[in-house]
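We did not get these values from a lab; they are worked out from the coordinates using the rules stated. The structure presented is a predicted model; accordingly, all values stated were derived computationally and were not measured. Please note: Cβ atoms are built from the backbone with ideal geometry, for glycine as well, and neighbour counts cover all protein chains shown.
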Amino acid sequence: MAELRWTERALSDLEDIYDFIASGSAVYARYTIQDLLTSVETLKMFPESGRHLPEFPELPYRELISGNYRTIYRFDNERNTVIIITIVHGSRLLKETYLSE
């Protein structure tokens, strides 16, 4: 089973998503965050289950889609670790600068 490691940016993204949604509905904000966390947990067993980023297919990053959000991660096979890089809304243009660890 792979280990999960969250970057500071990804943790900040979760907080920002919660705060934004909670301004309208705290219940829906909790549901959305729980859905994102549940989808990430699947990476422990299936670390390469996400698809390669269509914008950057040559880079070692993958994504999971959960609701309106894209969880961007990479799998470090040598350390058996999934590194969660960032979480972005699906309508946003993904820039390579978002991929810094």
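Okay, here's what the table says:
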| quantity | calculated |
| --- | --- |
| Long-range neighbours under 6 Å by Cβ, at least six apart or interchain, first residue among the aromatic types (Phe, Trp, Tyr) within region 28-52, second assigned to a helix (DSSP H, G or I) | Tyr28/Ile21 |
| Subset of region 28-64 [among the aromatic types (Phe, Trp, Tyr) and over 19 Å from Trp6 (Cα atoms)] | Tyr28, Tyr31, Phe56 |
| Test: residue in region 79-99 that is under 13 Å from the mean Cα position of the chain (by Cα), within 21 Å of Glu8 (Cβ to Cβ), buried (at least 19 other Cβ atoms within 10 Å of the Cβ) and of a type in the set (Phe, Trp, Tyr) | no |
| Residues within region 1-27 that are without any contact (Cβ under 8 Å) to a residue 40 or more places away in the chain and either among the polar types (S, T, N, Q) or crowded, with 17+ Cβ neighbours inside 10 Å (or both), tallied | 4 |
| For Ser39: the one exception among (1) surrounded by 12 or more Cβ atoms within 10 Å (Cβ to Cβ); (2) closer than 16 Å to Tyr98 by Cα | (2) |
| Residue in region 57-76 that is in contact (Cβ under 8 Å) with a residue 60 or more places away in the chain and farther than 21 Å from Leu93 by Cβ present | yes |
